[in-house]
Amino acid sequence: MIRIACLSPFRVICLSAICLISGTQAVQAQADSLDDHKLTEIYTPVPPVVTPGKTPSDAPSDAIVLFDGKNQDEWVSAKDGQTPANWVVAHGALTVNKQFGTIQTKRTFSNYQLHVEWKIPKDITGEDQARGNSGVFLASTGAGDNGYELQVLDCYNNKTYTNGQTGSIYKQSVPLANACKPPGEWQVYDIVWTAPVFNQDGSLASPARVTAFHNGVLLQNNFELKGMTRYRGKPYYKAHGPSPIKLQAHGDKSEPISFRNIWIRPLP
Ligand code: MG
């Protein structure tokens, strides 16, 4: 301030003019950079080519097919993770064998995109949770129902608790809609799963997240899970790595449901 006060009026005018010019140049340079569209364009790395299926339900070229209607070779018992799956394969479908129990993939996964089709039998009986109950466990954390369950149930005309209806993250997240088709029709789940990440000491670094569509209708929108889904008590996390995916054989007395056209795309 003192030095400027000592300048002659002529020099102050000159300095002001220089400041004005350089300020104008900066504004002009910024405008030029906005005009140059190439400055904001990215050319590498190039995304891989994936050839889509004939319809959005058909497996794209990079998918791992977990059930193609012919055999259950990709599946084992969830009791021991070893015994070959023994559900019923017929007419291109994989039908739950309640005596055999829940099955899981031989392979393990972290993040992925999963496509699963399922059908409630036309002659389904029962009510509430005992009507076509099954589930997709997005990651198994142990035998039985340990893991993170996306509920499968007949809710076409069947009341139950909303955080346990079709497309709920069981007892954690009420689905955004009820998009059930009548029993006897094939239905579709398209799921994006982001696995939880754990620190070396077993504490949670980032929670699991899920987005799920049912028959093309969004039911779960990037929902952040509070932990494993549980029948009783509050959810919590227990550290784990890549995990199998399970299909539930529920213990209720209603007729067994069927699955078909199951494929998965592991994601980074
Ligand atoms: Mg279930």
Next item on the list: Please specify each residue of region 144-169 satisfying the condition of being surrounded by 18 or more Cβ atoms within 10 Å (Cβ to Cβ), farther than 20 Å from Gly216 by Cα and touching a residue at least 40 places away in the same chain (Cβ under 8 Å).
Entry: Asp145, Asn146, Gly147, Tyr148
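Can you confirm whether region 162-177 contains a residue that is more than 16 Å from the ligand (Cβ to nearest atom), more than 21 Å from Gln99 (Cβ to Cβ) and part of a loop (DSSP other than H, G, I, E, B)? Spell out how you get there, then give the answer.
If we filter region 162-177 for residues that are more than 16 Å from the ligand (Cβ to nearest atom), which is where we start, we get 176-177.
This time we only want the ones that are more than 21 Å from Gln99 (Cβ to Cβ), so: 176-177.
Filter again for part of a loop (DSSP other than H, G, I, E, B), leaving 176-177.
Scanning region 162-177 turns up at least one residue that is more than 16 Å from the ligand (Cβ to nearest atom), more than 21 Å from Gln99 (Cβ to Cβ) and part of a loop (DSSP other than H, G, I, E, B).
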Item checked: Per-region count, region 178-217, residues in a strand (DSSP E or B), touching a Pro at 6+ places or on another chain (Cβ under 7 Å) and touching a residue at least 24 places away in the same chain (Cβ under 8 Å) -> 1
Next item on the list: Scan Glu149, Glu74, Glu127 and give me the residue that is acidic (Asp, Glu) and away from the ligand (no atom under 16 Å from the Cβ).
Entry: Glu74
Check: Only one of (1) more than 16 Å from the ligand (Cβ to nearest atom); (2) part of a strand (DSSP E or B); (3) among the polar types (S, T, N, Q) is not met by Gln220, so which one is it?
Finding: (1)
Item checked: Subset of region 172-215 that is of a type in the set (S, T, N, Q) and out of contact with any Lys or Arg (no Cβ under 7 Å at 6 or more places or on another chain) - its residue that is surrounded by the fewest Cβ atoms within 10 Å (Cβ to Cβ) -> Gln200
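Of the residues Thr108, Thr102, Thr83, Thr141, which single one is touching a residue at least 60 places away in the same chain (Cβ under 8 Å) and away from the ligand (no atom under 16 Å from the Cβ)? Before the answer, list the steps.
Values: Thr102 fails: away from the ligand (no atom under 16 Å from the Cβ); Thr83 fails: touching a residue at least 60 places away in the same chain (Cβ under 8 Å); Thr141 fails: away from the ligand (no atom under 16 Å from the Cβ).
Going through Thr108, Thr102, Thr83, Thr141 in turn, the sole match is Thr108.
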Next item on the list: Just give me the residues in region 120-145 being farther than 13 Å from Met228 by Cβ and hydroxyl-bearing (Ser, Thr, Tyr), in sequence order.
Entry: Thr125, Ser134
Check: Conditions: (1) loosely packed, with under 10 Cβ neighbours inside 10 Å; (2) modelled with pLDDT of 95 or more. Gly53 meets all but one. Number of the miss?
Finding: (1)
Check: Considering region 226-268 alone, what residues qualify as being of a type in the set (D, E, K, R), part of a loop (DSSP other than H, G, I, E, B) and either away from the ligand (no atom under 15 Å from the Cβ) or within 17 Å of Val89 (Cα to Cα) (or both)?
Finding: Lys226, Lys234, Lys238, Glu255
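The values are calculated or read from the model by the stated rules, or taken from the named source; none is laboratory data. Predicted model, so just to flag it, every value in this text is computed and none were measured. Every residue, glycine as well, gets a Cβ built from its backbone with ideal geometry; the counts of neighbours run over all protein chains shown.
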